[in-house]
1. Would you mind finding the one in B:Ile194, B:Ile225, B:Ile189 that is out of contact with any Phe, Trp or Tyr (no Cβ under 7 Å at 6 or more places or on another chain) and either over 30 Å from B:Met60 (Cβ atoms) or surrounded by fewer than 17 Cβ atoms within 10 Å (Cβ to Cβ) (or both)?
2. For the stretch B:328-353, give me each residue that is within 30 Å of B:Lys565 (Cβ to Cβ) and either within 14 Å of another protein chain (Cβ to nearest Cβ) or β-branched (Val, Ile, Thr) (or both).
3. Exactly one of (1) surrounded by fewer than 24 Cβ atoms within 10 Å (Cβ to Cβ); (2) over 24 Å from A:Glu181 (Cα atoms); (3) within 10 Å of chain A (Cβ to nearest Cβ) is unmet by B:Lys51. Its number?
4. Looking at the stretch B:228-257, which of its residues are among the basic types (Lys, Arg) and surrounded by 23 or more Cβ atoms within 10 Å (Cβ to Cβ)?
5. Among the candidates B:Ile24, B:Ile38, single out the residue that is aliphatic (A, V, I, L, M), facing another protein chain (nearest Cβ under 10 Å) and over 20 Å from the mean Cα position of the chain (by Cα).
6. Say we look at the stretch B:511-557 and pick out the residues that are basic (Lys, Arg) and not in a loop (DSSP other than H, G, I, E, B); which of these is surrounded by the fewest Cβ atoms within 10 Å (Cβ to Cβ)?
7. Checking the structure you have, find out if any residue of the stretch B:552-561 is touching a helix residue (DSSP H, G or I) at 6+ places or on another chain (Cβ under 6 Å) and either at pLDDT 95 or above or within 14 Å of chain A (Cβ to nearest Cβ) (or both).
8. In this structure, is A:Ala46 within 13 Å of chain B (Cβ to nearest Cβ) and not in a strand (DSSP E or B)?
Amino acid sequence: MKILVCISNVPDTTSKINFTEGDTKFDTNGVQFVINPNDEFGLTRAMWFKEKQGATVHVATVGGAQTEPTIRKALAIGADEAIRINAEPTDGFFVARQLAEVAKNGGYDLIIAGRESIDYNGGMVPGIIATLLDMNFVNTCVSLEIEGTDAKAVREIDGGNETIATSLPLVIGGQKGLVEESDLRIPNMRGIMMARKKALHVVEATDAPTMTADVKFEKPAAKGPVKLVDAGNIDELISLLHNEAKAI
Amino acid sequence: MANEYIDVETLKFLLNEVHDLEEILNLPEYNDHDSDSIDLLINSVKDFSDKEMYPYFKEMDENPAHFKNGEIVVHPQVSKYMKASGEMGLLAGAFPYKDGGMQLPSTVMNALGYIQEAANNHLPGYIGLTIGAAELITHFGNENLNQTYVPKMLNGTWGGTMCLTEPQAGSSLSDIVTSATPDGDRYKIHGQKIFISGGDYQGAENIVHLLLARIDGAPAGTKGISLFVVPKNRPDGHGQLAPNDVETVTDFEKMGQKGYCTTHLFFGGNGDCHGYLVGELHQGLKYMFLMMNGARIAVGRGAAAICAAAYQASLKYAHERAQGRKLASTGKKDVHQEQTLIVNHPDVRRMLLLQKVVSEGALSLVLLTSKYQDLSKSLQNAEEREKYALLLEILTPIVKTYPSEMGRVAVDNGVQILGGYGFCSDYILQQYLRDIRIFSIYEGTTGIQSQDLLGRKITMENGKALQLLSNEIKTTIKAAMVMDNLQAYAHTLGDKLQLTQDILKSLLGYAQKGDYERFLADATPFMDYFSNILIAWLWLDMAREAQQALLTGSKRHNTTFYESKIHAMQFYFTYELPKTTGLAEIIMNDKALTIGSKQKVFGNEY
């Protein structure tokens, strides 16, 4: 089985986010980037397929040279090869188009992408890849078993889970549940050293339209100070929750 | 948990920009690594520390190691951490490829150790001593000892210790009496050792003690001390272990680092404790001291890390706790205003800035000393190696002492920021304060380090090390002179170098007259003085690098980050460096009030 894990290079959740150029550009100075958590759950599941079922695992990302540390981490965790598509990931369609092109040429049986990235939260990439490649698709996938070309996937639905029987080739939009957080792997020293020797292919982007443009970014309003309400003053508590917090 | 206990961004700034790690990675010995892979390694060790270390920090203090039914009970995470560290490569990292290591430079290993110690300083000692013991075996032991012990130590299966101190021989190792009696191709060991960190703990399959003992008939003093491998359980050569007559007497109850056991061991109570000689006869202390630079850097690193973690904790509190109001222009407070966060009070900011300059200054010193260690070992040119060996020698007592002594002061200020809560176990600051206390005692007390600095290192090779260090400082001063906003600070540092010459002239006068007691009597105030100036130098260098980055528009960090480094340097030069004037006055006093044993200076009681 040949697996492609799509990796998005996203800011660490604890990074301080700032904008420049009239709030139209994200200021990346001093920001630590990581593997998108939903992609990391998928990568960890792919490593399980590698170790238990002998799968080959490639990872791919769309981005400039500054994204290489992120895919090197995937190699250090155990992926066999990496592909960097040398282009700025301008929007979801553009990214999906690039990844689909790589996937088409690579002959993959299983394509795993996170159900959404935690920076722009577009949530469209895996679905568009499946459409462009005309492959089966399971989104919000929380469990995946594969036997030969048969796949059993569980996806999260409103209020519960749905188990789906499908077959390879397959695209999934993965998330937590594919593996648990405690299963995520921290690259060890040997893995990091070996990652330096693994292939990291840089390919040029294929022509694709950018469908959208950022007009303006806004941060959420700053949180106000905490208001303490006396334990017996239920009326004031209700009034504050209703009129100020608008929670009830 | 981004900055919960460490500021990784500052660690990377110091490592890559200020101390130019690339220069080390370009050396043939280390060029299998590059700055990207080191960056990934740092992130990995931070993740590892978040997962395996920080969550157990408070628990280990609340559930101290203790002696029960003949063994030491420790937190269950100790054994898990040992194993996980082995898998992570943290034990083998610095060893050469031939010994199964990853051949990482000391600068990187100390950066990784720093992260771990900031996360939970009760744990890294277990692997630190195992690494030290394994290093002694690989450097000086024979092939058989290497094959028998080292692989299991480096994969975290077996622990290691250093057994030096005895009840009657602490700082004075020449007085040890543990004996080694020849018994075929091995020795029978008999004696007791105290203050043995990581000496025994539940769940350890084996512990390999590197023990100093005196072979029967050996010369008196330090020249008659040999080094032995003494395992808790001795391998029988067929994959089995047999008890080696090493008895755990007790575990010391301490004020801090309670999760890190400190044991009293008795060797050979039943006459059946085997020891295996490491290297040559009577060379034990020499072997130990060849490893001492690394051990002392590690102590300074641990203190710097605790200091940094305490800073993060008090910084967080100061940004959450509202108390009091800012003074209005009338000089009064408006009680109708909402209370302000305590970080807005100048006195709290002063204490936070003190924590910042001490913790980051200490880290910079640790990384610079580590760099000198790498260059002294791995440069191709022998003359250059010699230069950095001398710089390493002169900085070693300081890197051990400054973070331990000033780190404690900084943590104490962190407690103060929390007010009454700082004194309560609900908050972590009190634990940091108790934990850091031991660091000015470990591996040679401050008094011993200070005498080493003034009595040996300053004067060694006719002051060559001091001259080399002065040249390094002058290089920074020269570079800072061309930056308008740093020029005044560069001048001030130059003046302090001149003052140092005056002090040394005064002190060396006593040595020349043969009055060594007077020469060294105020070695500790001299250490305070000299280390203060070195940290000023390192802050000027950080500010120079930050200013350079701002001028060139470096994208590695944002503007606020770089500006904060320049501000911190200004604080250091304004609030810390001036203390050297008073210290100079103390050091050059002619009253000799601490010398002499006959006068009743303590009144009639003694």
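The values are calculated or read from the model by the stated rules, or taken from the named source; none is laboratory data. Just so we're clear, the structure is a prediction, and the values are computed from it rather than from any experiment. Glycine gets a Cβ as well: all are built from the backbone with ideal geometry, and neighbour counts include every protein chain shown.
1. Numbers: B:Ile194 fails: either over 30 Å from B:Met60 (Cβ atoms) or surrounded by fewer than 17 Cβ atoms within 10 Å (Cβ to Cβ) (or both); B:Ile189 fails: out of contact with any Phe, Trp or Tyr (no Cβ under 7 Å at 6 or more places or on another chain).
After ruling out the rest, the residue left standing is B:Ile225.
2. Looking only at the stretch B:328-353, we keep the residues that are within 30 Å of B:Lys565 (Cβ to Cβ), and these are B:340-353.
B:Thr340, B:Leu341, B:Ile342, B:Val343, B:Asn344, B:Val348 - these are the residues of the stretch B:328-353 that are within 30 Å of B:Lys565 (Cβ to Cβ) and either within 14 Å of another protein chain (Cβ to nearest Cβ) or β-branched (Val, Ile, Thr) (or both).
3. (2)
4. The first filter runs over the stretch B:228-257 and keeps only residues among the basic types (Lys, Arg), leaving B:232, B:234, B:254.
Correct list: B:Lys232, B:Arg234.
5. Values: B:Ile24 fails: facing another protein chain (nearest Cβ under 10 Å).
Among B:Ile24, B:Ile38, only B:Ile38 is aliphatic (A, V, I, L, M), facing another protein chain (nearest Cβ under 10 Å) and over 20 Å from the mean Cα position of the chain (by Cα).
6. Residues of the stretch B:511-557 basic (Lys, Arg): B:513, B:518, B:544, B:555-556.
Next cut, not in a loop (DSSP other than H, G, I, E, B) only: B:518, B:544.
Values: B:Arg518: 17, B:Arg544: 24.
Here the answer is B:Arg518.
7. Initially, the stretch B:552-561 is screened for residues touching a helix residue (DSSP H, G or I) at 6+ places or on another chain (Cβ under 6 Å), giving none.
The answer is no, given that none of the residues of the stretch B:552-561 is touching a helix residue (DSSP H, G or I) at 6+ places or on another chain (Cβ under 6 Å) and either at pLDDT 95 or above or within 14 Å of chain A (Cβ to nearest Cβ) (or both).
8. Working: within 13 Å of chain B (Cβ to nearest Cβ): no; not in a strand (DSSP E or B): yes.
So A:Ala46 does not fit the description; no.
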